[in-house]
Amino acid sequence: MSNSINKLIILSLVTLLILPSMMVTGCSPSDIAKVRIGYLLGDLHHLPLFVAIEKGFFQEEGIDVEVVGPFDAGPAEMDAMAAGHLDIGYVGASPAIMSAARGVPLAIISGVNQEGSALVADKGITSIGDLRSKKIATPAPGSIQHIMTGMVLSENNLSFKDVELFPGTIKAPDMPLNLQSGRISAYFIWEPFVAMSVVSGSGHVLVNSKDIWPGHPCCVVVTRDEFLKNNDREVKAVVSAHQKAVKFIVDNPAESKRIGQKYTGLGADVIDSAFSRVKYVTGINNNDLVKFVNGIIELGENGSIKPIITRKEVPEADDFINGIIDLKYLSR
Amino acid sequence: MNSKLIVDNISKVFPARKMATATQALKNFSLEVGNGEFVCIVGPSGCGKTTLLKIIAGLETASQGSVRLNGNKVEAPGPERGMVFQDFALYPWRDVVGNVEFGPEMRYLPRSERSEISQKYVSLVGMEGNEHKYPAQLSGGMKQRVAIARALANKPDILLMDEPFGSLDAQTRFVMQNELLRIWNEDRKAVIFVTHNVEEAVYLAERVVVMTAGPGAVKGIYPIALSYPRSRADHGFISLREKITDSITEEVKLI
Amino acid sequence: MADLPQLFPTPVAVVVAFKDLLIAEGPAGLPWAGELIGNMLVSLWRVIVGFCLAAVTGVLLGVIAGWWPRARDLVEPVVEIIRPIPPLAWVPLAMLWFGLGFRPAVFLIWLGAFFPILSNTVLGMESTPKNLIEVSKTLGANSRQILFKVGIPSALPSIMAGLRIGLGIGWMCLVAAELTGSNTGLGYLIMYYYSTMEAAKMVAGMLTIGLVGVLAFIGLKKLEDRLVFWRELE
């Protein structure tokens with residue numbers, strides 16, 4: 001009797017230990033029917049993905065795509081990729097870099113956009129100095145917007161300790177409402193969540209991200225190393241379709257805006273306003289990413305933020321970035 | 001007779017409810033119980049014995065007729081009519097003393113007076129040494145001793161007992177019957193004791209009231225002219241027992 | 001999978017994370033307490049306030065609704081509609097109504113703890129043995145005395161069980177509450193290290209939630225055993 005109970009306990013423990021790894025490794029990448037592509041909730045930076053779908057660029061390249069998501073935030077998307085549930089991701093450069101720094105084998109295969117974020121504040125706040133002891137929301141710690149908030153504060157002789165920061169616990173789509181209701185005084189976010197407050201009149205752009213760091217990196221297309229190795233044709237096809245979409249957006253802003261409206265469910269005025277701040281580009285400047293990585297490491301070292309990436313994980317930012325960027329699929 | 005309790009022509013109808021039709025539990029029941037008298041009520045099950053006791057206690061109201069104690073009409077429960085239930089109904093969170101003192105406590109008697117009372121009745125029912133035990137730590141017989149002490153601690157004029165020994169084993173039951181007679185002898189309260197056990201009734205009571213099958217009415221009243229302590233093997237005891245048993249059996253056949 | 005420490009931290013990594021979190025600077029107002037203890041204190045305070053509010057309101061309303069059938073008929077329909085809504089579903093509304101940080105967390109904890117406390121109290125009051133009520137009447141107790149001296153003590157085991165369940169659910173709601181709209185507390189700590197993909201620290205935070213939850217549970221169980229000791233005597 002007790003013997004069989006023991007066996008049962010051991011069996012269930014073993015199952016408990018094995019099950020997660022089975023779930024992670026369950027789907028082998030070579031027999032995929034569709035390429036699984038992830039994206040973030042309502043993020044206008046990911047417009048090329050939707051243009052490519054709308055305009056049939058993926059079919060033209062001969063691949064079938066399954067859109068996975070939306071994810072609330074980049075880290076969740078990168079976790080899904082690390083666990084093998086995603087093949088390709090439209091995601092911020094920062095979560096991709098963080099994931100790579102933690103040892104997840106991945107490659108950045110294209111840029112999506114540069115710039116396109118802003119620090120939005122309520123009407124009563126007219127200078128960075130006014131932000132002292134105010135509540136400010138940013139995306140996840142270590143995100144480009146989080147780091148740039150730190151940069152813009154320090155340029156004005158403030159630090160994270162001088163404000164009340166909510167890094168990552170207020171979702172991007174919730175930020176405009178929280179600003180409007182006065183729960184927070186400012187937020188640093190990507191489009192279209194800047195434009196929403198600007199158009200509704202509940203907030204104004206205090207600083208554009210391009211004025212803090214011209215041409216700063218933002219979203220990228222990422223894939224798992226394993227997928228890259230075994231699915232050369234699919235990766236090439238996705239990158240080509242993506243490249244066509246970015247070119248389409250640049251060449252046909254009016255129609256692209258309509259697709260943007262359809263995809264975010266927002267009005268033409270909001271999309272118009274948002275478009276004025278986003279730069280869709282497939283190219284990536286390695287030096288900008290190196291600068292970004294070094295920035296995160298230094299902020300952690302000088303105590304401005306909790307250390308997020310350390311020198312132990314990334315001894316040489318140059319080597320690290322060059323190791324994860326693989327732009328050979330982009331046609332010139 | 002210097003009568004203290006008068007049950008006058010009581011009827012009780014339970015009105016129809018969702019699932020049940022109206023039932024008449026008691027019909028024109030009358031009874032007088034004298035000062036310090038020990039009366040047992042026996043009858044077939046379902047004859048309304050418990051309903052009768054609850055009406056006397058004031059827990060139920062009669063549809064017709066009245067109950068008077070010392071000339072006062074009974075309309076609600078009161079401490080002058082103590083009640084003892086078959087399942088003891090002790091407060092499990094109170095110890096023996098706490099249970100016995102419940103009545104005095106409800107009347108806001110001072111602590112010293114309360115403990116005087118509880119001491120007296122705890123020892124009357126033979127529970128000395130168990131004052132601080134909780135009901136869960138007591139046997140069935142001990143629980144019923146506590147329940148009796150609790151009822152007596154209110155110094156009632158009459159004790160209403162609803163099959164108090166029904167859930168006890170035979171040995172304990174005999175002991176408790178003798179104990180009850182001893183207590184009654186010392187305390188001299190009137191007792192109405194409901195039971196379905198004829199032998200118990202004949203052993204205890206000065207008068208045995210036999211009820212008809214439902215709706216309950218008085219079928220017959222049997223004075224038990226045997227002196228205490230009684231012997232169950234006594235010829236007079238056996239013949240009374242048989243007579244009353246036959247009377248009840250007739251009622252059971254009618255059902 | 002072993003080469004994905006961000007998904008499966010080793011026990012050693014978790015121990016190191018514990019140490020790091022104990023040393024690191026605590027949240028605003030509690031820098032001396034360390035990151036782990038400081039955020040735990042913040043969470044604990046939220047739970048204590050939310051749980052006490054739930055205990056007071058739940059027991060009070062439960063006693064009333066469990067004792068007077070007419071009150072129950074008023075309360076029951078409302079409760080039955082709201083009860084099945086998972087506390088998590090209230091998170092966005094909690095933020096809208098109560099803003100950020102302390103107040104929405106207290107609201108969500110209250111919400112999670114309230115219903116089990118209420119329904120167990122109602123159940124306890126309703127199942128006061130009828131014969132105890134009757135015998136009390138014959139012993140001269142008035143209706144107020146019967147409520148306080150019979151109904152409530154008799155319902156106490158059920159009330160305590162409700163408090164225990166309520167504390168457990170409240171503690172779970174705490175994490176849900178702090179995952180959004182908060183910048184302190186153990187839920188925030190977990191969310192933070194989830195965002196930065198430091199699973200070892202995340203696990204350390206989760207274990208702390210479990211540990212404190214168990215300790216609170218044991219404490220309440222001890223109190224319960226003391227208050228309803230008579231249940232254990234047999």
* Span from the the range C:99-152 Cα centroid across to the the range A:60-98 one, whole angstrom -> 51 Å
* Asked: Does anything in the range B:65-105 have its amide N under 19 Å from the 7 Å Cα→Cβ label point of B:GLN119, and if so which residues?
  -> B:95-105
* Asked: Counting pairs of alpha carbon atoms under 8 Å apart in space and at least six apart in sequence, what relative contact order in percent does chain B give?
  -> 26 percent
* Sequence-distant residues sharing a close amide H with B:VAL84 (under 5 Å, placed H) -> B:LEU160, B:MET161, B:ASP162
* Asked: Between chains C and B, what is the buried accessible area in Å², counting both sides, with a 1.4 Å probe and ligands, DNA and RNA left out, to the nearest 100?
  -> 2100 Å²
* Structure fact -> A correct Karplus calculation of ³J(HN,Hα) over the range B:246-252, with 6.51 cos²θ - 1.76 cosθ + 1.60, θ = phi - 60°, whole Hz and x for Gly and Pro, returns 4, 4, 6, 4, 4, 5, 5
* Asked: So what's the gap between the Cα centers of the range B:14-52 and the range B:111-147, to the nearest angstrom?
  -> 31 Å
* Asked: Over chain A, what is the relative contact order in whole percent, taking alpha-carbon pairs under 8 Å and six or more residues apart?
  -> 25 percent
* With +1 on each Lys and Arg Cβ and -1 on each Asp and Glu Cβ, and nothing else charged, work out how big the dipole of chain A is about its Cα centre, in Debye to the nearest 20. => 320 debye
* Any idea of A:LYS171's accessible area? Nearest 10 Å², probe 1.4 Å. -> 80 Å²
* Cα-Cα pairs above 48 Å in the protein assembly as shown: how many percent? -> 46 percent
* So what does B:MET142 come to for accessible area, using a 1.4 Å probe and Å² rounded to 10? -> 50 Å²
* Structure fact -> In the range A:117-212 the accessible area split gives carbon plus sulfur, as whole percent at 1.4 Å, a share of 45 percent
* Please give the calculated 222 nm ellipticity per residue for chain C, where each DSSP H segment of at least 4 residues contributes -39500 (n - 2.57) and the sum is spread over every residue; nearest 500 deg cm²/dmol? => -25000 deg cm²/dmol
* **Part-to-part distance (alpha-carbon centres) for the range B:166-197 and the range C:170-210, which is given in Å** => 66 Å
* Asked: Per q in 0.17 1/Å, what log10 I(q)/I(0) does a Debye calculation on the alpha-carbon atoms of chain B return?
  -> -1.35
* Asked: Hey, got the Cα dimensions of the range A:223-316 along the principal axes, in Å, largest first?
  -> 47, 38, 23
* Structure fact -> Rg from C-alpha atoms of the range B:72-163, normalised by the globular rule of thumb 2.2 N^0.38 Å, equals 1.03
* Taking a probe of 1.4 Å, how large is the accessible area per residue of chain B, in Å²? -> 44 Å²
* To do: Could you order B:ARG111, C:ARG103, B:ARG207, B:ARG232 so the one with the most accessible surface comes first? Probe is 1.4 Å.
  => B:ARG111, C:ARG103, B:ARG232, B:ARG207
* B:GLY220's amide H: which non-local residues (gap 5+, or another chain) put their own amide H closer than 5 Å, with H modeled 1.01 Å from N in plane and none for Pro or chain starts? -> B:VAL210
* To do: For peptide C:189-201, compute the average count of partner chain beta-carbon atoms within 10 Å of each residue's beta-carbon.
  => 6
* Within the P(r) computed for chain C, what percentage of the Cα pairs occupies the region above 32 Å? -> 33 percent
* Asked: For the pair C:LEU227 and A:GLU255, how long in nm is the line joining their label points, each one 7 Å along Cα→Cβ?
  -> 7.0 nm
* **For the range A:180-193, 3J(HN,Hα) per residue [Karplus equation, 6.51 cos²θ - 1.76 cosθ + 1.60, θ = phi - 60°, Hz, x = Gly/Pro]** => 4, 7, x, 5, 10, 9, 7, 8, 10, 8, 8, 7, x, 7
* Asked: In terms of the Cα gyration tensor, with a ≥ b ≥ c the square roots of its eigenvalues, is the range A:117-212 rounded because a/c is under 1.5, prolate because a/b exceeds b/c, or oblate?
  -> rounded
* Which whole-number percent is the relative contact order of chain C (Cα, under 8 Å, 6+ apart)? -> 26 percent
* Would you work out the charge dipole size for chain C about its Cα centre, treating the Cβ of every Lys and Arg as +1 and the Cβ of every Asp and Glu as -1, and quote it to the nearest 20 debye? => 760 debye
* Rank these by accessible area, largest first, 1.4 Å probe: C:TRP32, C:TRP67. => C:TRP32, C:TRP67
* Amide H neighbours of A:PHE166 under 5 Å, at least 5 residues apart or on other chains, H built in the peptide plane: list them. => A:ILE136, A:ALA137, A:THR138
* Asked: For labels at B:ALA20 and B:PHE174 in the simple 7 Å Cα→Cβ model, what's the distance in nm?
  -> 3.8 nm
* Asked: Which order do B:THR51, B:THR23 take when ranked by solvent-accessible area (1.4 Å probe, heavy atoms of all protein chains), largest first?
  -> B:THR23, B:THR51
* Asked: Using the Karplus equation 6.51 cos²θ - 1.76 cosθ + 1.60 (θ = phi - 60°), what ³J(HN,Hα) coupling, rounded to whole Hz, does each residue of the range A:235-250 give in order, writing x for Gly and Pro?
  -> 4, 4, 5, 4, 5, 4, 4, 4, 5, 4, 5, 4, 4, 4, 4, 5
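The values are calculated or read from the model by the stated rules, or taken from the named source; none is laboratory data. Everything quoted here is computed from the prediction, not taken from an experiment. Please note: Cβ atoms are built from the backbone with ideal geometry, for glycine as well, and neighbour counts cover all protein chains shown. Quick note on the areas: whole protein, heavy atoms, side chains included, nothing else; ligands and nucleic acids left out. Shrake-Rupley method; radii C 1.70, N 1.55, O 1.52, S 1.80 Å.
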